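Contents: one structure, followed by commentary.
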Amino acid sequence: MADILLGIESSCDDTSAAVLRDGVLLSNVIASQQVHKDYGGVVPELASRAHEQNIVPVVSSALAKADVKPEELTAVAFTRGPGLLGSLLVGTSFAKGFAYSLGIPLVEVNHLQGHILANFIREEGNPVREPSFPYLCLLVSGGNSQIVRVDGPLEYTILGQTIDDAVGEAFDKCSKMMGLGYPGGPVIDRLAKEGDPLRFSFAKPHIPGLDYSFSGVKTSLLYFVRDRMAEDPDFMENNKEDICASFQKTLIDILMDKLIKAAKQTGIREITIGGGVSANSGLRSRIEGRRRRWNTYLPPLRFTTDNAAMIAVAGWFRYKAGFRTPLDIAPVARISEL
C-alpha cells in the first residue's frame with residue numbers, strides 16, 4: 001500500500017499544500033498574498049488572517065489535483081518554524097486537527113530544511129538531478145543567509161551564517177529605499193539585467209571565517225544614493241539599472257567568496273543553493289559558472305520560494321526515519337539549530 005503524505009507550509013505570507021505518493025510529488029498549490037505590497041513588507045497580522053482564509057481551500061485543491069481523498073493519507077507534515085508566529089499557528093493548528101481527525105501521524109518540519117532539500121523534489125515523468133551526500137547548500141532568503149554542510153537528509157551542520165541582516169532582507173530594504181517596490185529581489189534582478197555591474201562600487205565587509213554581514217552594504221548604498229541625489233535629483237531614475245546591477249554584483253560577490261572558501265576548506269564539490277534568493281538570475285549564473293570545479297544543483301524556480309512541496313519532501317524523509325510529532329506541539333518563530 002502506498003504512503004501518501006500531505007505537506008502544509010504557512011511560515012510567512014504564502015499558504016501552500018502539497019501531496020506526495022511514495023516520495024513523488026502529485027500536487028503543489030500556493031496561495032500568495034498581494035496585500036503586503038501596499039506596505040512595502042509583510043504585515044504579520046494581515047498574513048495570519050489571510051492564512052485563515054486560504055488554508056482550507058488550498059488543502060482541498062491540493063488533494064483534488066492529486067486525486068487523493070483525505071482518508072487515503074498516511075501522514076501530515078507541516079512547518080513548525082522558523083517564521084511569523086501567527087502564520088505558523090494557522091498551519092500548525094490545521095495540521096494537528098486534520099491529522100487527529102484522520103487518526104494519522106503528524107510530522108513537524110524545519111522550514112529551512114525544506115529549502116535545503118528542495119533538489120530532492122521528484123515529479124512523475126520529470127527526471128531530477130539529486131546531489132550526493134555530503135554537499136554544501138548556500139541557503140539564502142529574506143530571513144537567512146547560511147552555508148550548511150548536509151551529510152544526510154537529517155544531518156546538518158551550519159558552517160557560516162549572517163551576523164546581522166540576511167541577503168534577501170538587504171535586497172528588499174534597499175529596493176524600498178530606492179523606491180523600486182516590494183518584494184525587492186525580483187525588481188532589482190530585473191533591472192540589473194539591463195545595467196552595468198562594474199559602473200559603481202559598494203563597500204564589502206571583512207568578516208573572519210565563513211560568516212556573512214550585509215548591513216554595511218546597505219549603509220554604503222544609502223549614503224551613495226543620498227549623496228548623488230543631493231547633486232542631481234534625477235540621478236536615481238537615470239541610473240537605476242546600473243545601480244541595481246552594481247549592488248546585486250556586490251551581494252553575489254560576498255555570497256560567492258564565502259561559499260568558495262567553504263568548498264576549499266571542506267573539500268566538498270557537491271554544491272546546491274536554496275531559499276527565495278536562489279531564484280536570482282545573477283546568483284544562479286555565478287553558481288553555474290563554476291561547473292568545471294563543482295557539481296552544481298539548482299532547484300527549479302517554482303521551488304525556490306516558500307512552498308509545501310519542499311516541506312512535504314523534508315517531512316517524507318523524517319516520516320520514513322520514524323519521526324512522529326505529538327499533538328501538543330507548538331509553533332516556534334525562531335529555531336537556533338537545523
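The values are calculated or read from the model by the stated rules, or taken from the named source; none is laboratory data. Just so you know, these numbers come straight off a predicted model, no measurement behind them. Here the Cβ is made from the backbone with ideal geometry for all residues, glycine too, and neighbour counts use every protein chain on show. These accessible areas exclude ligands, DNA and RNA; they are computed on the full protein's heavy atoms, side chains included. Shrake-Rupley method; radii C 1.70, N 1.55, O 1.52, S 1.80 Å.
Summary table below
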item: Glu241 surrounded by fewer than 16 Cβ atoms within 10 Å (Cβ to Cβ) and over 19 Å from Leu138 (Cα atoms); result: no
item: Qualifying position, being open to solvent by 10 Å² or more (accessible area, probe 1.4 Å), part of a loop (DSSP other than H, G, I, E, B) and touching a strand residue (DSSP E or B) at 6+ places or on another chain (Cβ under 7 Å), among Arg318, Arg290; result: Arg290
item: Selection status of Ile158, buried (at least 19 other Cβ atoms within 10 Å of the Cβ) and modelled with pLDDT of 95 or more; result: no
item: Which numbered condition Val128 fails, given (1) among the β-branched types (Val, Ile, Thr); (2) under 20 Å from Thr305 (Cβ atoms); (3) at pLDDT 95 or above; result: (3)
item: Members of the stretch 83-95 found to be surrounded by fewer than 20 Cβ atoms within 10 Å (Cβ to Cβ), closer than 15 Å to Ala17 by Cβ and either touching a Ser or Thr at 6+ places or on another chain (Cβ under 8 Å) or of a type in the set (Lys, Arg) (or both), listed by number; result: none
item: The one condition in (1) touching a helix residue (DSSP H, G or I) at 6+ places or on another chain (Cβ under 6 Å); (2) in contact (Cβ under 8 Å) with a residue 60 or more places away in the chain; (3) of a type outside the set (D, E, K, R) that Pro186 fails to fulfil; result: (1)
item: Residue match in the stretch 276-285 (condition: crowded, with 24+ Cβ neighbours inside 10 Å, touching a residue at least 40 places away in the same chain (Cβ under 8 Å), of a type in the set (Val, Ile, Thr) and within 30 Å of Ile30 (Cβ to Cβ)); result: yes
item: Residue check, Arg284 in contact with a Leu (Cβ under 8 Å, 6 or more places away or on another chain) and part of a helix (DSSP H, G or I); result: yes
item: Exclusive hit being modelled with pLDDT of 95 or more, over 30 Å from Arg302 (Cβ atoms) and surrounded by fewer than 21 Cβ atoms within 10 Å (Cβ to Cβ), set Asp211, Asp257; result: Asp211
item: Looking only at the stretch 287-338, and only at residues there that are under 18 Å from the mean Cα position of the chain (by Cα) and of a type in the set (Gly, Ala, Ser), the one that is farthest from Ser61 (Cα to Cα); result: Ser336
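Every residue, every condition in (1) among the acidic types (Asp, Glu); (2) surrounded by fewer than 20 Cβ atoms within 10 Å (Cβ to Cβ); (3) over 30 Å from Glu237 (Cβ atoms), yes or no:
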residue: Glu124; (1), (2), (3): yes, yes, yes
residue: Glu130; (1), (2), (3): yes, yes, yes
residue: Asp165; (1), (2), (3): yes, no, no
residue: Glu169; (1), (2), (3): yes, no, no
residue: Asp172; (1), (2), (3): yes, no, no
residue: Tyr182; (1), (2), (3): no, yes, no
residue: Gly185; (1), (2), (3): no, no, no
residue: Ala192; (1), (2), (3): no, no, no
residue: Ser201; (1), (2), (3): no, yes, no
